[in-house]
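Some notes on the structure that comes next.
The values are calculated or read from the model by the stated rules, or taken from the named source; none is laboratory data. Note that this is a predicted model, so its numbers are computed, not measured. Quick reminder, even Gly has a Cβ in these numbers, built from the backbone with ideal geometry, and neighbours come from all protein chains shown.
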């Protein structure tokens, strides 16, 4: 069974910033699940046994190689998409996370 397809997936998207209005994005490559070539703030599937807060900080480390500090948790919302004829449904629990741009 696949998350987001066979059942609702849960993700923890994050918006990394330096605390001075500058945000960090990355371009999605062919190894990403979907939306290849698009600019993205970052996100990851919620792992079993992790809180959303633990998950988002682990994902920041995995994707940007640095520690982050959670500034704010935003309201959860559903994301409905279709890619190559396959409909997906994810519940996103987003965060603003401050990072040091010299470490990212």
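Here the stretch 70-87 is the region considered, the condition is being surrounded by fewer than 11 Cβ atoms within 10 Å (Cβ to Cβ) and out of contact with any strand residue (DSSP E or B) (no Cβ under 8 Å at 6 or more places or on another chain), and the residue that is nearest to residue 56 (Cα to Cα) is 75. Taking strands (runs of 3 or more DSSP E) as the structural unit, no element lying wholly within the stretch 58-104 holds at least 2 residues that are in contact with a helix residue (DSSP H, G or I) (Cβ under 6 Å, 6 or more places away or on another chain) and modelled with pLDDT under 95. When the stretch 45-69 is filtered for residues that are under 20 Å from residue 32 (Cβ atoms), touching a residue at least 12 places away in the same chain (Cβ under 8 Å) and out of contact with any strand residue (DSSP E or B) (no Cβ under 9 Å at 6 or more places or on another chain), the ones remaining, listed by number, are 58, 62, 65.
Can we say residue 34 is in contact with a helix residue (DSSP H, G or I) (Cβ under 7 Å, 6 or more places away or on another chain) and either part of a loop (DSSP other than H, G, I, E, B) or on the phi > 0 side of the Ramachandran plot (or both)? No; evaluated as a whole, the condition is false for this residue. Taking the options 93, 97, name whichever one is surrounded by 17 or more Cβ atoms within 10 Å (Cβ to Cβ) and under 18 Å from residue 18 (Cβ atoms). Unique residue meeting the criteria: 97.
Among the numbered conditions (1) without any contact (Cβ under 8 Å) to a residue 40 or more places away in the chain; (2) crowded, with 17+ Cβ neighbours inside 10 Å; (3) more than 18 Å from residue 97 (Cα to Cα), the only one that residue 9 does not meet is (1).
Please pick out the residue among 49, 42, 65 that is exposed (fewer than 13 other Cβ atoms within 10 Å of the Cβ) and closer than 14 Å to residue 104 by Cβ. Steps first, answer last, please.
Working: 49 fails: closer than 14 Å to residue 104 by Cβ; 42 fails: exposed (fewer than 13 other Cβ atoms within 10 Å of the Cβ).
Just one listed residue meets the conditions, 65.
All conditions but one from (1) under 23 Å from residue 103 (Cα atoms); (2) in contact (Cβ under 8 Å) with a residue 40 or more places away in the chain; (3) assigned to a loop (DSSP other than H, G, I, E, B) apply to residue 29; the one that does not is (2).
Identify, from the list 42, 21, the residue that is touching a residue at least 24 places away in the same chain (Cβ under 8 Å) and either part of a loop (DSSP other than H, G, I, E, B) or in contact with a helix residue (DSSP H, G or I) (Cβ under 9 Å, 6 or more places away or on another chain) (or both). Write out each step before concluding.
On the way: 21 fails: touching a residue at least 24 places away in the same chain (Cβ under 8 Å).
Testing whether each residue is touching a residue at least 24 places away in the same chain (Cβ under 8 Å) and either part of a loop (DSSP other than H, G, I, E, B) or in contact with a helix residue (DSSP H, G or I) (Cβ under 9 Å, 6 or more places away or on another chain) (or both) leaves just 42.
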